[in-house]
Amino acid sequence: MIDIRSDTVTKPTTEMREAMASAAVGDDVYGEDPTVRELEELTAELMGKEDAVFVPTGSMSNQVAIRTHTEPGDLILTDHSAHLIRSEGGAAAALSGVTMKPLPGLDGVFTPADINDAIDPAHPFNPVTLSPRMRLLCVENTHNAGGGTVWPLEQIHAVATAAHANGLATHLDGARLWHATAASGVSEHTYAEPFDTVNVCFSKGLGAPVGSALAGPRDLIARSRRFKQQFGGGFRQAGILAAGALHALEYHRDDLVKDIRHARQFAAGLQDLDGLEVDLARVQSNIVRFSVRLMSAGDFVDRCYEQGVHMLPSGSHGIRAVLHRDVGNEALGTALEIITSVLHSGSTDSLPTSE
């Protein structure tokens, strides 16, 4: 099976498993796991922050950040299709008691004007007690639902500056920030610079089995450790997991450019097929979104799955494919052959039958 549903399906390499098996460990709840501390210090350095905390998942990292920055009743600004809104189970409301005000971004990218328009102006006729306290701006780079959109550097800095000018804290959901760097050549440090906190994930394209980290100022990260524990994120000998992430950072980051190249090759192959629509300009990292005209998205992914390609439907006719380190050139070619076969059978099915 060629599984391109997500880059979360990557498997640990033999070398990564060996590094995990031999990791030095301690009790991380007591702050005594040396491998976890090594990972946290390296992550903080890469992000240009003072400290970082290792957590089990990217969703937990985002939710710990939200709880660290806000109080119940506060309001968060983020793109209308952000992972925080679509894919974290309503956790911000359930765990932190906050609400979200969606911004009208294009493929996940919005503007300083969008932020300013979302903020109620101070006026004697607008009592401040009527509105929730707007406290936090969250930005996602790359943007998953936007199709792996890479934020332009000037624009991502501009929205962070606009947020700070309005008294908001800022959080960068950089679950795939490594891909933004691979695609643009802009360092993670530079992307993260204007944000108070940043989440990065090790278990997507980097190929580690578990883990994310939240980086930021030392005082905020110290505060965040309490919420990590409250949310059930305290592990004991977590160095076994941290070792996988360390291995990925050392040996797998440079491979992400291959995934992006494969995504563009895959999209170019799809563009040549009748019955599909794909915009090559929107393929900016390792995610490819396209639409199928001859059948529903559900039927298309079912037929592809039966022949050996696993993708995800998105809406009535949209499809998502994510290229990753476990899919090479040969598998890429096979996937395109299978998709071609499915489209051909679909077009045959749609022909009128003679009486």
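Peptides 213-226, 78-91 ranked from most to least packed by the mean count of surrounding Cβ atoms within 10 Å: 213-226, 78-91.
In the Gaussian network model of the chain, springs joining C-alpha atoms below 10 Å, which of 76, 339, 119 carries the largest mean-square fluctuation? Of 76, 339, 119, the most mobile in the Gaussian network model is 119. For the stretch 196-294, the alpha carbon positions stretch 54, 25, 24 Å along the principal axes, listed from largest to smallest.
Full-extension gain between residue 261 and residue 17, please, as 0.36 nm times their residue separation minus the C-alpha to C-alpha distance.
Working: separation 244, 0.36 × 244 = 87.84 nm, distance 2.68 nm.
Once the chain is fully extended between residue 261 and residue 17, it gains 85.2 nm.
Cross-link partners for residue 228 among the lysines, with Cα-Cα distance under 19 Å and sequence neighbours closer than 8 places in the same chain left out: 49. Rounded to the nearest 500, the 222 nm mean residue ellipticity of the chain from helices alone is -13000 deg cm²/dmol, with -39,500 (n - 2.57) taken per DSSP H run of at least 4 residues. Under a cut-off of 14 Å between alpha-carbon atoms, report the aspartates and glutamates in cross-link reach of residue 11, not counting same-chain residues fewer than 8 places apart. Result set, ordered by chain and number: 3, 326.
For residue 233, nonlocal amide neighbours, meaning residues 5 or more places apart or on other chains whose placed amide H falls under 5 Å from its own, do not occur.
For the stretch 283-310, the residues whose amide N sits under 16 Å from a probe point set 7 Å from the Cα of residue 106 along the beta carbon direction are 283-284. Sorting 187-193, 25-31 by their mean Cβ neighbour count within 10 Å, with the most densely packed peptide first, gives 187-193, 25-31. Need one word for the stretch 255-346: rounded, prolate or oblate. Basis is the Cα gyration tensor (sqrt eigenvalues a ≥ b ≥ c); a/c below 1.5 gives rounded, then a/b vs b/c decides. Prolate, because a/c is 1.5 or more and a/b exceeds b/c. Fully extending the segment from residue 272 to residue 157 would add 37.7 nm, taking 0.36 nm per residue of separation and subtracting the current Cα-Cα distance. Near residue 103, the amide H atoms lying under 5 Å from its own belong to 78, 79, 80; only residues 5 or more places off or on other chains count, and H is placed 1.01 Å from N.
Annotation for the stretch 154-226 versus the stretch 269-347: alpha-carbon center distance of 31 Å.
Set the Förster distance to 22 Å, then compute FRET efficiency between residue 229 and residue 32 from the Cβ-Cβ distance, nearest 0.05.
Efficiency computed from Cβ-Cβ geometry: 0.90.
When peptides 322-332, 199-209, 142-152, 278-288 are ranked by their average number of other Cβ atoms within 10 Å per residue, the highest-first order is 199-209, 142-152, 278-288, 322-332.
A straight line joining the Cα centroids of the stretch 229-256 and the stretch 1-69 runs 3 Å. Contact order for the stretch 255-346, expressed relative to its length and based on alpha carbon pairs under 8 Å spaced 6+ residues apart, stands at 31 percent.
FYI, it's all coordinate maths here, none of it is from the lab. Owing to the predicted nature of the structure, the values given are computational and were not obtained by experimental measurement. No Cβ is skipped: glycine too gets one built from the backbone with ideal geometry, and neighbour counts run over all protein chains shown.
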